[in-house]
Amino acid sequence: MEIFELRYFLAVARFENVHRAAEHANLSPASLSKAVSRLESELSVKLFSREGRNIRLTDHGRVLQRRAAALVKLEEDARIEVGGHAGKLQVVIAAPEILLAKFGIPLTERIKQLFPSAVFEYLARSDDDALEAVDRGEAHLAITTSDGAGYSDLTLKAIGESTFQTYVGPKHPLHAKAKAKKTLPIAEVLEFPFASPTNPLLGKVGAKQSLDGWRDDQFPRKIEYRTSSLKTLEEFVLGGRAIAYLPDYFCESLDLVPLRISGCPYSCVQKVRLAAKHPKDVGWINRIF
């Protein structure tokens, strides 16, 4: 089997769709299909099974996916080690969208300093899906607020910490009090509507916390706006329509002000981690760990 065939196979395995993989890799569907067929013939196994119009990795396919990802990673590392900065490095980083902007860009700049010819792809994934992408070999690195439990092959390194606060925008009735740093009783804050995510947009939170880290079991809110879009959540708060409980780093560059609240003893604090699979085995990844 050839390295290029493994690359083509990994593209199809990632999307489980030949045409989408071809568009992403800028190749013809025929080239990808031929590469998969050659591998299946050489290995005498089926790597994909058909399910209606879709294809799915077989058990053999999943084994090859992990092996192929490791081989391609080693080939890339050898090329970089021998070719130095002239060697082309394609870096895939998976993370929740909210973490990509804050932590992904500085990470990119750091890698660029070491490898100026590197090119990057960013996968917006939930914490668990980002770790799974690294474990399967679909991504080199994950930025996550998860502790990585259940992933014995992954190494995690702390790169930051975030604290959630209750924010209001400039058009909100409580904005003036927030700007004046007045302390408000929790009962007053709860009179106003909140905006909250419908999925873990903001990363991992505690077992008794809502998806945004708030303790609705102790201090129920009037959540009038629920969204799976980070941008929509941001706009609800900026427009003064709602209050939101958000990580501090996300609000640093926004025109939002945190409320000082009394009578609420709970808080949400997250550790942000960088994850990679066996980083010591891949020279360029080991250098950023």
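The values are calculated or read from the model by the stated rules, or taken from the named source; none is laboratory data. What you see is a predicted model; the values in this text were computed from it and never measured. Glycine gets a Cβ as well: all are built from the backbone with ideal geometry, and neighbour counts include every protein chain shown.
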Original post:
So which pairs qualify, if the first residue must be in the range 216-235 and assigned by TED's automatic domain parsing to the domain that holds SER253, the second must be of a type in the set (Asp, Glu), the Cβ gap must be under 7 Å, and the two must be at least 6 apart or on different chains?
Top reply: LEU230/GLU97
Original post:
For the range 205-289, which helices (runs of 4 or more DSSP H) that fit wholly inside it have 3 or more residues that are of a type in the set (A, V, I, L, M) and modelled with pLDDT of 95 or more?
Top reply: 230-238
**OP:** Inspect the range 108-124 for any residue being crowded, with 21+ Cβ neighbours inside 10 Å and closer than 15 Å to LEU202 by Cα and give the result as yes or no.
**Re:** no
**OP:** Determine if the range 265-276 includes at least one residue that is surrounded by 16 or more Cβ atoms within 10 Å (Cβ to Cβ), more than 19 Å from GLU161 (Cβ to Cβ) and not polar (S, T, N, Q).
**Re:** yes
**OP:** Would you list the helices (runs of 4 or more DSSP H) that sit entirely within the range 13-110 and hold 1 or more residues that are within 30 Å of SER229 (Cα to Cα)?
**Re:** 18-25
Original post:
Got a sec? Which of GLU5, GLU40, GLU76 is surrounded by 14 or more Cβ atoms within 10 Å (Cβ to Cβ), among the charged types (D, E, K, R) and in contact with a strand residue (DSSP E or B) (Cβ under 8 Å, 6 or more places away or on another chain)?
Top reply: GLU76
Original post:
Given the residues ALA130, ALA149, ALA139, which is the only one that is aliphatic (A, V, I, L, M), in a loop (DSSP other than H, G, I, E, B), touching a residue at least 24 places away in the same chain (Cβ under 8 Å) and outside the structural domain of PHE250 (by TED's automatic domain parsing)?
Top reply: ALA139
Subject >> Selection within the range 171-191 - loosely packed, with under 15 Cβ neighbours inside 10 Å and assigned to a loop (DSSP other than H, G, I, E, B) >> reply: LYS171, PRO173, ALA180, LYS181, LYS182, GLU191
Original post:
Of the residues GLY240, GLY203, which is of a type in the set (Gly, Ala, Ser) and under 30 Å from LEU107 (Cα atoms)?
Top reply: GLY203
**OP:** Kindly indicate whether ALA124 is touching a helix residue (DSSP H, G or I) at 6+ places or on another chain (Cβ under 7 Å) and under 14 Å from TYR151 (Cβ atoms).
**Re:** no
